[in-house]
Amino acid sequence: MTDPQALSPVAVGALAVLVALGVDRLWGEPAARWHPVVGMGRYLGWAGERIAPQVPTPQADRWRVFSRGALAWLLGAALVALSAWALARALGAVPGWLQALALGLLLKPLLAWRMLRDEVRAVEAALGESLPAGRERLSWLVSRDVAPLNTAQVRESAIETLAENLNDSVVAPLFWFAVAGLPGAALYRFANTADAMWGYRGERQGRDWTWAGKWAARADDVLSWLPARLTAGLLGAAGRWRELRAQAGLTPSPNSGWPMAAMALALDVSLAKPGVYTLHPAGRSPQAADTARALQLAGRVVGGLALLAGGVALCAAGRVWA
């Protein structure tokens, strides 16, 4: 047997994923003051006040506003990626098992399965109390106006959020961690957070984001393109690709429709955003049991990723110890 320091980078990375998923399952999110995504949000909030005009952007100023948004995004992305790179590089000098542990602790805040699961459960529990309670709890998860939603629409929105954020908060960060290590996962989370805060068309909170947030929206589209389709496949829709592609194309987003349509097809329910799209219209209206089934299905995806990481770690470590 060789020294644990001889663990390959692949084994270290796979073990780090197991640590991150384990910490997430046991303890959930770290305190806000230590949370890197909260820090990203603070930067984006500060920069957003300086790039987005408070009135509709005049035609002559659109490229200037767009350029400001792009530069602010690039600066934040560089700071995030370089910080993650420096931390990962510093860990290269420590023994392999300790490196995997530390890397997993740094990776954990960049993914959030437990919080997503608990919030979707909370919406269903609130619906069991009353429709107004369900609407109120859903408003914690979505930016749309929840006041006109009926019981079925609140449940649909919660299931859609679960499917979309299974990609945004779990699969995509792990995908980019596998591709580019901790800097890749950190950069993705920055891009996704920037899209959530800046990627609006038109006015929000008194500011015009149409051009100020365009770069952020397109960057997230690019980085989420492949993970969104992988998430759809992991949800069991790989055998219905043609139908899935047709349904996913009904949404305005080039990516979020894929995991949402996959979830609709897997559950055989219809998921809709009133006035915007209806996914799998032939499906039935979701019931409380369907929320539980959706959570179970998403949980199997997360569990499958953990098993994959464990298998990779064992194989990589076995080659070293052989």
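The values are calculated or read from the model by the stated rules, or taken from the named source; none is laboratory data. Note that the structure is a prediction, hence the values are computed from the model and not measured. Cβ: placed from backbone, ideal geometry, glycine included. Neighbour counts: every protein chain shown.
Values computed for the structure shown
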{"item": "Criterion: at pLDDT below 95, over 26 Å from E124 (Cα atoms) and out of contact with any Ser or Thr (no Cβ under 7 Å at 6 or more places or on another chain) - qualifying residue of G310, G275, G236", "result": "G310"}
{"item": "Which listed residue is modelled with pLDDT of 95 or more, farther than 30 Å from T291 by Cβ and touching a Gly at 6+ places or on another chain (Cβ under 7 Å), from A102, A72, A88", "result": "A88"}
{"item": "Options W225, W258, W215: the member that is surrounded by 16 or more Cβ atoms within 10 Å (Cβ to Cβ), within 30 Å of P53 (Cα to Cα) and not hydroxyl-bearing (S, T, Y)", "result": "W215"}
{"item": "Breaking point among (1) in contact (Cβ under 8 Å) with a residue 24 or more places away in the chain; (2) touching a Gly at 6+ places or on another chain (Cβ under 6 Å), for A217", "result": "(1)"}
{"item": "Pairs, first in contact (Cβ under 8 Å) with a residue 40 or more places away in the chain and farther than 13 Å from R207 by Cβ in region 35-59, second of a type in the set (A, V, I, L, M) and exposed (fewer than 11 other Cβ atoms within 10 Å of the Cβ), C-beta under 7 Å, six or more apart", "result": "none"}
{"item": "Within region 286-298, tally of residues that are surrounded by fewer than 21 Cβ atoms within 10 Å (Cβ to Cβ), within 22 Å of the chain's Cα centre (by Cα) and farther than 17 Å from A237 by Cβ", "result": "2"}
{"item": "Candidate set from region 137-157 (those that are of a type in the set (V, I, T) and crowded, with 19+ Cβ neighbours inside 10 Å); member that is nearest to R201 (Cα to Cα)", "result": "V146"}
{"item": "Helices (runs of 4 or more DSSP H) wholly inside region 202-303 that include at least 1 residues being among the acidic types (D, E) and within 30 Å of W73 (Cα to Cα)", "result": "214-232"}
{"item": "Qualifying residue in region 67-83 (condition: in contact with a Pro (Cβ under 6 Å, 6 or more places away or on another chain) and closer than 30 Å to G299 by Cβ)", "result": "no"}
{"item": "Region 190-201, subset assigned to a helix (DSSP H, G or I) and out of contact with any Ser or Thr (no Cβ under 9 Å at 6 or more places or on another chain), residue surrounded by the fewest Cβ atoms within 10 Å (Cβ to Cβ)", "result": "M197"}
{"item": "Selected residue [touching a Gly at 6+ places or on another chain (Cβ under 9 Å), of a type in the set (A, V, I, L, M) and within 30 Å of R284 (Cβ to Cβ)] from A158, A212, A178, A194", "result": "A158"}
{"item": "Residue check, G181 under 18 Å from the mean Cα position of the chain (by Cα) and at positive phi", "result": "yes"}
{"item": "Residues of region 50-69 classified as at pLDDT below 95 and of a type in the set (G, A, S), total", "result": "2"}
{"item": "Condition met for D268 (among the charged types (D, E, K, R), surrounded by 22 or more Cβ atoms within 10 Å (Cβ to Cβ) and at pLDDT 95 or above)", "result": "no"}
{"item": "Region 124-166, residues that are in contact (Cβ under 8 Å) with a residue 60 or more places away in the chain, in a helix (DSSP H, G or I) and under 23 Å from the mean Cα position of the chain (by Cα)", "result": "E124, Q153, R155, E156, S157, A158, I159, E160, L162, A163, E164, L166"}
{"item": "Selection count, region 228-243, where residues are crowded, with 22+ Cβ neighbours inside 10 Å and among the small types (G, A, S)", "result": "3"}
{"item": "Criterion violated by A246 - all others in (1) touching a residue at least 12 places away in the same chain (Cβ under 8 Å); (2) surrounded by fewer than 24 Cβ atoms within 10 Å (Cβ to Cβ) satisfied", "result": "(1)"}
